[in-house]
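S.K.: Can you read through this structure? Questions will come right after.
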Amino acid sequence: MSSTSSSQSPTQQPTKTTVSPSKAKPKKQYPPSQYKIDDSGNKWRLCAGAAVLNSSNELLIGERLYLTNAWQAPQGGVDDADPARHKHHRETVVEACDRELYEEMGLRVGTHVMLDPAASSLSLEPIRYRTIGTQNWLTKSGYAGQEMHWTIYRCIDSRGNLDPSTMCELEGKNGEDAEFSSVKWQSTAEVVKKIWEGKREPYEVLQVELESVKRQWEEMCESLDLSGTWTLDAALSVGVVEGLVQRGLTLDRAMVEAEKPYIQCWKRGGERTSWIVTTYDPDGTTPRRVLTYAPGEWEETYQGTTILFRPSGDESVQLKRHMAFLAEPDAEPVSIAHVTLTQAPRGVEEARRYLKGDKFILRRTLWPAENADRPIVSTEVFVRC
């Protein structure tokens, strides 16, 4: 897995991820695929397609290994049971999609993606496309083609939301050969326009269905209500002292800082997805900082000492920031998080804010510039004043 470098903007365009040809592996024994036979006797292999969307409603696609400009979403057969040889249970379509995401792109459900909460009530009809006559292995195995069953996911990884190469591992998992040489986000309209003609119809159906998903997603983002005045409950917070120590503070100072009053007032800005946040001094009444968060990229000049981004110094620090709404499996009742990704001198810092019942959760993750593979994570819990 590649990592965002300390000199990279949170919104820098992804670079191409190249995968070397796979080394020889022992031949894998595959379970049989589920299939259907139509009234004309044609045999259709059930195929699970994983449609992963980012916060901009773009689709995650990969370029097929050895096939230049052949881009598609992860997909694969739905395994049938074969206990005698493989001790493998009969998969559901969602289980097959979860597996294909991991095998082809190294993505884990709950870590990088989750089922799209905006598509939970959507029932996508499967669509068949013919492969007969192409002389590929499907034709040679007696299939007329594949019956595509789409499952829709949302990216929950803030860095991957901007650059999927930071979260995807393309060398092939579970003993599988690599399928893709690189990954990117692309609008569904562009994907449909450039997809192989024989496979275009399933993507056209997906494009139509995603329109309602996008509308529902936008409504969910607007419904996330963070309004009110919130105060830190240090007793419920986790890893704050450790996080401050790893950011350069002494243990004694970190313990003092972790116990200080921390009060913020959140109110909506001019747009439903824009928030004006006032942070107060420890006295709880003197405004220390007022910042407007709106989706997209912006730069902030932070003047003076900042524990998170630099523990000492009076000079200003320039922060490159990006705010987005991401799906969040731990949030309730709305599975949405308000996420800010910041490029600072110390590294890349994520602030993920969401509601869990009557609590306001702020989970901070820092990928240090000197060791981005070992993130520093802490969770702060706020209650209403």
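S.K.: Evaluate region 152-161: report whether one residue or more is closer than 30 Å to Asp281 by Cβ and either in a helix (DSSP H, G or I) or touching a helix residue (DSSP H, G or I) at 6+ places or on another chain (Cβ under 6 Å) (or both).
M.R.: Yes, because at least one residue in region 152-161 is closer than 30 Å to Asp281 by Cβ and either in a helix (DSSP H, G or I) or touching a helix residue (DSSP H, G or I) at 6+ places or on another chain (Cβ under 6 Å) (or both).
S.K.: I've got another one for you. Of everything in region 371-385 that's surrounded by fewer than 19 Cβ atoms within 10 Å (Cβ to Cβ) and in contact (Cβ under 8 Å) with a residue 60 or more places away in the chain, which residue is farthest from the chain's Cα centre (by Cα)?
M.R.: Here the answer is Cys385.
S.K.: Run Leu226 past the list (1) part of a loop (DSSP other than H, G, I, E, B); (2) among the hydrophobic types (A, V, I, L, M, F, W, C); (3) at pLDDT below 95 and report the number of the one that doesn't hold.
M.R.: (3)
S.K.: Does any residue of region 36-50 turn out to be in contact with a helix residue (DSSP H, G or I) (Cβ under 7 Å, 6 or more places away or on another chain) and more than 22 Å from Asp157 (Cα to Cα)?
M.R.: Yes, region 36-50 contains at least one residue that is in contact with a helix residue (DSSP H, G or I) (Cβ under 7 Å, 6 or more places away or on another chain) and more than 22 Å from Asp157 (Cα to Cα).
S.K.: Which condition does Asp79 not pass, out of (1) modelled with pLDDT under 95; (2) surrounded by fewer than 17 Cβ atoms within 10 Å (Cβ to Cβ); (3) closer than 22 Å to Gln29 by Cβ, if it passes all the others?
M.R.: (2)
S.K.: Consider Gln343 against the criteria (1) out of contact with any Asp or Glu (no Cβ under 6 Å at 6 or more places or on another chain); (2) surrounded by fewer than 19 Cβ atoms within 10 Å (Cβ to Cβ); (3) more than 14 Å from Ser223 (Cα to Cα): it satisfies all of them except one. Which criterion is unmet?
M.R.: Checking Gln343 against (1) out of contact with any Asp or Glu (no Cβ under 6 Å at 6 or more places or on another chain); (2) surrounded by fewer than 19 Cβ atoms within 10 Å (Cβ to Cβ); (3) more than 14 Å from Ser223 (Cα to Cα), the one that fails is (2).
S.K.: Taking region 229-241 only, how many residues are crowded, with 16+ Cβ neighbours inside 10 Å, assigned to a loop (DSSP other than H, G, I, E, B) and in contact with a Phe, Trp or Tyr (Cβ under 8 Å, 6 or more places away or on another chain)?
M.R.: Residues that pass the stated criteria total 0.
S.K.: If a residue must be closer than 16 Å to Ala73 by Cα and surrounded by fewer than 19 Cβ atoms within 10 Å (Cβ to Cβ), how many such residues does region 129-168 contain?
M.R.: Going through region 129-168 one residue at a time, the tally reaches 0.
S.K.: Taking only pairs six or more apart or across chains, which ones have beta-carbon atoms under 8 Å, a first residue in region 180-193 that is under 17 Å from Glu100 (Cβ atoms) and part of a helix (DSSP H, G or I), and a second residue that is at pLDDT below 95 and not charged (D, E, K, R)?
M.R.: Final answer for the pair search is none.
S.K.: Among the listed residues Glu197, Glu222, which satisfies the condition of being touching a residue at least 12 places away in the same chain (Cβ under 8 Å) and either surrounded by fewer than 16 Cβ atoms within 10 Å (Cβ to Cβ) or among the basic types (Lys, Arg) (or both)?
M.R.: Selected residue: Glu222, the only one of Glu197, Glu222 that is touching a residue at least 12 places away in the same chain (Cβ under 8 Å) and either surrounded by fewer than 16 Cβ atoms within 10 Å (Cβ to Cβ) or among the basic types (Lys, Arg) (or both).
S.K.: Going by what's in this entry, would Thr131 be described as touching a Gly at 6+ places or on another chain (Cβ under 6 Å) and either farther than 27 Å from Ser212 by Cα or among the hydrophobic types (A, V, I, L, M, F, W, C) (or both)?
M.R.: Criteria met by Thr131.
S.K.: What pairs come out if I take residues in region 236-251 that are farther than 21 Å from Arg384 by Cα and pair them with residues that are among the acidic types (Asp, Glu) whose C-beta lies under 6 Å away, six or more apart or interchain?
M.R.: Leu244/Glu257
S.K.: Kindly indicate the residue of region 95-125 that is closer than 18 Å to Tyr35 by Cβ and modelled with pLDDT of 95 or more and also surrounded by the most Cβ atoms within 10 Å (Cβ to Cβ) among those meeting that condition.
M.R.: Checking each candidate, the answer is Cys97.
The values are calculated or read from the model by the stated rules, or taken from the named source; none is laboratory data. Just so it is clear, the model here is predicted, and its values are computed rather than measured. Quick reminder, even Gly has a Cβ in these numbers, built from the backbone with ideal geometry, and neighbours come from all protein chains shown.
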